[in-house]
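> Dropping a structure here in structure tokens format, bear with me for questions.
The values are calculated or read from the model by the stated rules, or taken from the named source; none is laboratory data. Keep in mind that what you see is a predicted model, and the values were worked out from it rather than measured. Every residue, glycine among them, receives a Cβ derived from its backbone with ideal geometry; neighbour counts consider all protein chains shown. Note: accessible area is taken over every heavy atom of the protein model, side chains too, but ligands, DNA and RNA are not part of it. Shrake-Rupley method; radii C 1.70, N 1.55, O 1.52, S 1.80 Å.
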Amino acid sequence: MLMRTDPFREMDRIVQQLSGASGTWSKPSVMPMDAYRQGDVYVIAFDLPGVSTEAIDIDVERNMLTVKAERRPTDRSDGVQMELSERPLGVFSRQIMLADTLDTERIEADYDAGVLTLRIPIAERAKPRKIVIGAESDRKQISG
């Protein structure tokens, strides 16, 4: 039901780790997520620690879900000298292609303890339904 749209994301993450790039305003490459089905709902959870709800933007256009979040540096008073900065800063972005069987009009989102959770219900038209078979005796001949 869900498809990743950036096949090079893992390669970018490895290159960033090997080069030691961190704590800069370069494009952070990691927005870890879990996706699973729970009954008639798909659940997607994104790890976004240290990001305020005002800095999160969720859009759906056609079947493309886009989640953007910005982690800003913490305000530091004068005289503070940074000794170590490993937490990535900047804009995180993740796009996921959603199947036609999901109801993108009824997506619910909540944010708690640094985890953004989206709940996407399965569309009614995609749910299995019983087909009633008519009997021969129910047929009526139309004369014209």
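> Relative to the present Cα-Cα distance, how much length would full extension add between ARG37 and ARG106 at 0.36 nm per residue of separation? Numbers along the way, then the final one.
On the way: separation 69, 0.36 × 69 = 24.84 nm, distance 1.57 nm.
So the extension gain works out to 23.3 nm.
> For region 63-78, take each phi angle, set θ = phi - 60°, evaluate the Karplus expression 6.51 cos²θ - 1.76 cosθ + 1.60, and give the result in whole Hz per residue in order, putting x for glycine and proline.
Once rounded to whole Hz, the list reads 10, 9, 8, 10, 10, 10, 8, 10, 9, 9, x, 6, 5, 10, 6, 4.
> Let me ask you something else. Towards the positive end of the charge dipole of region 58-144, with charges on Cβ (+1 Lys, Arg; -1 Asp, Glu), say which of SER93, GLY114, PRO128 has the farthest Cα.
Toward the positive end, the furthest listed residue is PRO128.
> Considering only protein heavy atoms and a probe of 1.4 Å, how much of the accessible area of region 28-86 is carbon and sulfur, as a whole percent?
Numbers: 1700 of 3970 Å².
Roughly 43 percent, rounded to a whole number.
> Show me 63-69, 77-83 ranked by packing, highest mean number of other Cβ atoms within 10 Å first.
Values: 63-69: 17.4, 77-83: 5.9.
Most protected by this proxy first, the peptides run 63-69, 77-83.
> Using a probe radius of 1.4 Å on heavy atoms only, what accessible surface per residue do you get for region 44-106? Whole Å² is fine. Could you put the intermediate results ahead of the total?
Working: 4110 Å² over 63 residues.
Counting only protein heavy atoms, the per-residue value for region 44-106 is 65 Å².
> Follow-up question, since we're still on this one. Assuming a ≥ b ≥ c are the square roots of the Cα gyration tensor eigenvalues, decide whether region 58-133 counts as rounded (a/c under 1.5), prolate (otherwise, with a/b larger than b/c) or oblate.
On the way: a/c = 4.80, a/b = 3.60, b/c = 1.33.
Verdict is prolate for region 58-133.
> Next up: Cβ under 12 Å from GLY39's Cβ, GLY39 left aside: what net charge do those residues give with Lys, Arg +1 and Asp, Glu -1?
On the way: positive: ARG37, ARG119, LYS127; negative: ASP40.
Here the count lands on +2.
> Hey, rough spin-label estimate for GLU86 and ILE131, points 7 angstrom out along Cα→Cβ, what's it come to in nanometres?
5.8
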